[in-house]
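Where a number appears in this text, it was derived from the coordinates with a stated rule and is not lab data. As the structure is a computational prediction, the values presented were derived from the model and not from experiment. Here the Cβ is made from the backbone with ideal geometry for all residues, glycine too, and neighbour counts use every protein chain on show.
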Number of protein chains: 2
Amino acid sequence: MKIGVLGTGTVGATLATKLASLGHEVRMGARRATNDKATAWAESAGEGASHGTFADAAGFGEIVFHCTAGVGALAALGSARAENLAGKILVDVANPLDFSKGMPPTLFLSNDTSLGETIQRIFPEAKVVKALNTVNADVMVDPGRVPGEHDLFVCGNDAGAKVEVTRILKEWFGWKSVIDLGDITAARGMESYLLLWLRLWTVVGTPDFNVCVVR
Amino acid sequence: MKIGVLGTGTVGATLATKLASLGHEVRMGARRATNDKATAWAESAGEGASHGTFADAAGFGEIVFHCTAGVGALAALGSARAENLAGKILVDVANPLDFSKGMPPTLFLSNDTSLGETIQRIFPEAKVVKALNTVNADVMVDPGRVPGEHDLFVCGNDAGAKVEVTRILKEWFGWKSVIDLGDITAARGMESYLLLWLRLWTVVGTPDFNVCVVR
C-alpha cells in the first residue's frame, strides 16, 4: 500500500520505518521538501521509502498518518491541502502539546474541542481516525513491549475507516485490543489523557507502559 | 475519627455513608445548614452522623473530604473558611465538571491548572491530597466492584498526608493499588482523564470500571 506519513519527529519516523519494513511504499512529508530528517530517513529506510512536502506525502498516500506536533502543527498541516486528503483515511496520531512553558507540556486544545476534531473540520472530506496517540512511539508499533493485556483507543466519524484502521493496528502492528470510543469528539478524552500519561511516565520510569480498562 | 464531608451529591453521600458505617463521626456540609439532602442523610445515617454548613463540617473534621462539583464549587468551598482547614488533610475528590453545555460535560479548569491546585492555593495551610476522582462513587468505597487488578491515583504536596490518605484508601475502602503521582500539579492529569473516563463509560456500559497501569 502507498502510505503518507506527515511529520519527521520520533513518532513519524517510528511509524514510517515500521510501515516500510512491512513492505509498504512510504513517503514522509515535511514542511519543506529539503527537510534534513526526512531526507536522511528516506535514504536509510529502503527501496520503498521517499520524502517530500506535506502535500507530496498526503497526495502519495492511499492512507495518511498525521504525526506532526506542537503549536504550529495545524498551520503546517494545512499545507497538505484538502484535495490531497479527500476521501482518504487520515490517522491522527498527534497530540496538541505545548512545550512553550517547559516540561511538562500543556495541551493547547482541550475540553470543548480537540486536535482530532479540528483536523476533521479543516479536512471535511478526509476520514479522520484518532489513534495511537495514547502510547509511546515504540509501543505504537510494538505493543508487546508492554506485557499482558492493555488497550488502544480509536475514534472517528466514519465507521468503515475505523474498521480499516483497527485492522491495520491489529494485523500490522500487533495490537490485540482496540476500543472504539465513538465519534471524533472522543479525541478530547484521548488527548486529555496525555496529561495523566506524562505523569505516569515519571512514576513508572519507562515510556513502555499502557493502561488496561478493567470492568 | 471526626470527618467532614463537603458536598451533598452522590459522591459526598456515598463517602459519608461509608465512613459512618465504619464507625466514624461524620458531618456533612452544605451551603446552607438547612440543606434538605444533608438533613435527610444525617437522619438516616446513624448516631455519628450530623450536618451543617461547609464551615461547620470543615471545622468538625480532623480530616475533610471535598465532594462538591460544578462551576460554583470553588465559590461555595470558599465558605468553608481557611481557618477551619489549616493543618488538616483535605482530600479533593471533586472534578471541575461543567454541565452548562449539556452532556458530556467539559472541564472548566485544565492544562495549566487544576481544581486540586486551585484548592491548595485557596487553602494554603491545608494539606490537599487529590484522590478518588477517577472512579465512580460506588467504586470509590468498594473497589471490589471492579474485578482484578486496577489502580487509584493520589497526588499532593505533603508526603505525610499522602501516606495517611493511602492508608485510609487501603484499610478503610479496600484499595489494593494506590499510585502516588507526585505533587498537586498532577491533579491536571487526574482531572483531565475524566474526559476519557466519560467516553469509556459510554462504551463499557457501566460505571463500574477502572484502569490498570500495565508496565
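The table for this structure:
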quantity	calculated
Antiparallel DSSP beta bridges within the stretch B:2-204, as percent of all bridges there, nearest 5	15 percent
Length-normalised contact order of chain A in % [C-alpha pairs under 8 Å, at least 6 apart]	17 percent
Within chain A: Cβ-based charge dipole about Cα centre, in debye rounded to nearest 20 (Lys, Arg +1; Asp, Glu -1)	200 debye
Sites matching GluC sites (Glu not before Pro) across the stretch B:1-100 that sit in DSSP coil, with at most 13 neighbouring C-beta atoms within 10 Å	B:47, B:62
Where labels lie 7 Å past Cα in the beta-carbon direction, separation of residue A:71 and residue B:34 in nm	5.1 nm
Efficiency of FRET from Cβ geometry, residue B:103 and residue A:171, R₀ 35 Å, rounded to 0.05	0.50
Cross-link reach list, lysines versus residue B:2, counting only Cα pairs under 29 Å and skipping chain neighbours closer than eight places	B:18, B:37, B:88, B:127, B:130, B:162, B:170, B:176
For residue A:170, inter-copy label distances in nm, listed shortest first [label point 7 Å out on the Cα-Cβ vector]	3.9
Ellipticity estimate at 222 nm from DSSP helix runs (n ≥ 4, -39,500 (n - 2.57)) divided over chain A, nearest 500	-10000 deg cm²/dmol
Across the identical copies, how the residue B:138 labels are spaced - nm, sorted shortest first, 7 Å along Cα→Cβ	4.1
10 Å-binned pair-distance histogram of chain A (Cα, whole percent)	9, 37, 39, 15, 1
Sequence of A:103, A:28, A:140, B:190 once ranked by neighbouring C-beta atoms within 10 Å, starting from the fewest	A:103, A:140, B:190, A:28
Share antiparallel - DSSP beta bridges, the protein assembly as shown, percent rounded to 5	25 percent
Distance from the stretch B:22-63 to the stretch A:150-196 (C-alpha centre basis), Å	44 Å
Pseudo-label separations to other copies for residue A:10 - Cα-to-Cβ vector, 7 Å, nm	3.8
11 Å reach of a label modelled at residue A:22, 7 Å along Cα-to-Cβ, counting backbone N of the stretch A:118-154	A:141-142
